[in-house]
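K.L.:
Quick one: the structure is below, questions incoming.
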Amino acid sequence: MFDFAIIGGGIAGTSAAARLSHLGGVILLEGEDSLAYHASGRSAALFERNYGKPPVIALNMASLEYHRDANGGVLSPRGLMLVGSAELEDRYTADLTRMSLTPITVEEARAFIPILDPSVVDRAAYDAEAWDIDTDRLVQNFAKETRANGGEVRTKSAVTAIRQTPSGWVLTLKDGAEIEARNLVNAAGAWVDVVAEMAGIPPLGFTPMRRSMARLPAPAGLDVSSWPMVFGPGEDWYAKPDAGALIVSPGEEDPSTPHDAFADDMVLAEGLARYEEFVKEPVTRLLANWAGLRTFSPDRNLVLGPSPHDAHFIWCAGQGGYGFQSAPAASQLLADLIAGRQPELDAQTVSALNPQRFNRQ
């Protein structure tokens, strides 16, 4: 019998497995052929410390040292820019305040990204302290740590049934095999409420939100490698260099059901049109497109810790768009709570992430 069975091999599950492998025997179960197949494998992969609500920002801040230093670090310089126009002044101002960016001139903005259209872009702001995350390396580092501590990492291991026993849980896999564990960790991304219902635990009302991406050739054949990630006002589009090309997203949050998501052509076209309003180079073709599901709890904060309905059912859910940047601190908090240790995070943040909060409403 394992001490912890973790369902979900994205960044939530792999980071939780690594931390919990120091507390007991762990098995990580991923239904797909590889780890980080769904939302985690389709992330824009930026660490921006001021992105999210206050509890998420606290997790981001607490994760920076790990991202920077652990196993040689996974960060590389990128930078973050916000651009605006007179027509969308209110949205721009709200983003400027929320993200704590420093205003720069349009000329400075165009020095970073020369395709910006100065007849539209009349204001900009910038933060140098935003970094690309090597997401594959981070996931594999966590998986390696799990295995080094004697834990198992299994792909192609979809869970089809869960039943409770006097000693814990029995998980039935698609191939008929059964896994026994004292504790069940629900890190199933868009499927977390499905897993809860399978286990007889009340679901919390998570909502998977589709977000689409398009991969474009580098505009005008320019070298985009040093460009910062750039947001339009209201985050109704953003663009980021990626291996010599440019990825552009309409920034949508369309409620969905748990599934292997794909881009909506109309939504993607509308987002690309909004992006084109701010630049001088039109979109002439796509290299690829895809979508992922960013899953949010009802209050849009992560849900970390034992269920109030059963302390042996542990939530690691609701990462939304913050999974990679918050993972080191989120997984450490989860392990601290399970081990009965005093968390390093402040009490207000811990309370804001506790599953018990939904019982107080």
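The values are calculated or read from the model by the stated rules, or taken from the named source; none is laboratory data. Since the structure is predicted, the reported quantities are computational estimates derived from the model, not experimental observations. In this analysis, Cβ positions are derived from the backbone assuming ideal geometry, glycine residues included, and neighbour counts consider all displayed protein chains.
K.L.:
Restricting the range 316-349 to residues that are among the aliphatic types (A, V, I, L, M) and over 18 Å from residue 185 (Cα atoms), which is surrounded by the fewest Cβ atoms within 10 Å (Cβ to Cβ)?
P.N.:
Among residues in the range 316-349 that are among the aliphatic types (A, V, I, L, M) and over 18 Å from residue 185 (Cα atoms), the one surrounded by the fewest Cβ atoms within 10 Å (Cβ to Cβ) is 347.
K.L.:
Could you run through the range 312-361 and say how many residues are part of a loop (DSSP other than H, G, I, E, B) and hydrophobic (A, V, I, L, M, F, W, C)?
P.N.:
Adding up the residues that qualify gives 1.
K.L.:
What single numbered condition from (1) in contact with a strand residue (DSSP E or B) (Cβ under 6 Å, 6 or more places away or on another chain); (2) more than 30 Å from residue 58 (Cβ to Cβ) fails to hold for residue 239?
P.N.:
Status for residue 239: all satisfied but (2).
K.L.:
Could we say that residue 47 is in contact (Cβ under 8 Å) with a residue 12 or more places away in the chain, under 26 Å from residue 297 (Cβ atoms), over 17 Å from the mean Cα position of the chain (by Cα) and crowded, with 22+ Cβ neighbours inside 10 Å here?
P.N.:
no
K.L.:
I'm checking my understanding of the structure. Among residues of the range 137-153 that are out of contact with any helix residue (DSSP H, G or I) (no Cβ under 7 Å at 6 or more places or on another chain) and of a type outside the set (D, E, K, R), which one is farthest from residue 52 (Cα to Cα)?
P.N.:
150
K.L.:
Further question: Mind counting the residues in the range 145-171 that are surrounded by 13 or more Cβ atoms within 10 Å (Cβ to Cβ), under 28 Å from the mean Cα position of the chain (by Cα) and not hydrophobic (A, V, I, L, M, F, W, C)?
P.N.:
Result for the range 145-171: 10.
K.L.:
If you scan the range 84-110, which residues turn out to be in a helix (DSSP H, G or I), touching a strand residue (DSSP E or B) at 6+ places or on another chain (Cβ under 9 Å) and exposed (fewer than 13 other Cβ atoms within 10 Å of the Cβ)?
P.N.:
Matches in the range 84-110: 86, 108.
K.L.:
What are the residues in the range 182-212 that are part of a strand (DSSP E or B), out of contact with any helix residue (DSSP H, G or I) (no Cβ under 7 Å at 6 or more places or on another chain) and buried (at least 23 other Cβ atoms within 10 Å of the Cβ), if any? Talk me through it step by step, then tell me what you get.
P.N.:
Restricting attention to the range 182-212, the residues satisfying the condition of being part of a strand (DSSP E or B) are 182-186, 207-212.
Now narrow it down to the ones that are out of contact with any helix residue (DSSP H, G or I) (no Cβ under 7 Å at 6 or more places or on another chain): 182-183, 207, 209-211.
Selection gives 211 alone.
K.L.:
State whether the residues of the range 120-136 include one that is part of a strand (DSSP E or B), closer than 25 Å to residue 48 by Cβ, in contact with a strand residue (DSSP E or B) (Cβ under 8 Å, 6 or more places away or on another chain) and basic (Lys, Arg).
P.N.:
Step one: list which residues in the range 120-136 are part of a strand (DSSP E or B), which gives 123-127, 130-133.
Within this subset, residues satisfying the condition of being closer than 25 Å to residue 48 by Cβ are 123-127, 130-133.
Adding the requirement that they be in contact with a strand residue (DSSP E or B) (Cβ under 8 Å, 6 or more places away or on another chain) leaves 123-127, 130-133.
Checking which are basic (Lys, Arg) leaves us with 123.
Yes: one or more hits.
K.L.:
Let me ask another. Any chance the range 266-286 includes a residue that's among the hydrophobic types (A, V, I, L, M, F, W, C), part of a strand (DSSP E or B) and not assigned by TED's automatic domain parsing to the domain that holds residue 355?
P.N.:
Residues of the range 266-286 that are among the hydrophobic types (A, V, I, L, M, F, W, C), as a first pass: 266-269, 272-273, 278-279, 283, 286.
Remaining after also requiring part of a strand (DSSP E or B): 279.
If we keep only those that are not assigned by TED's automatic domain parsing to the domain that holds residue 355 too, we end up with 279.
Looking through the range 266-286, at least one residue is among the hydrophobic types (A, V, I, L, M, F, W, C), part of a strand (DSSP E or B) and not assigned by TED's automatic domain parsing to the domain that holds residue 355.
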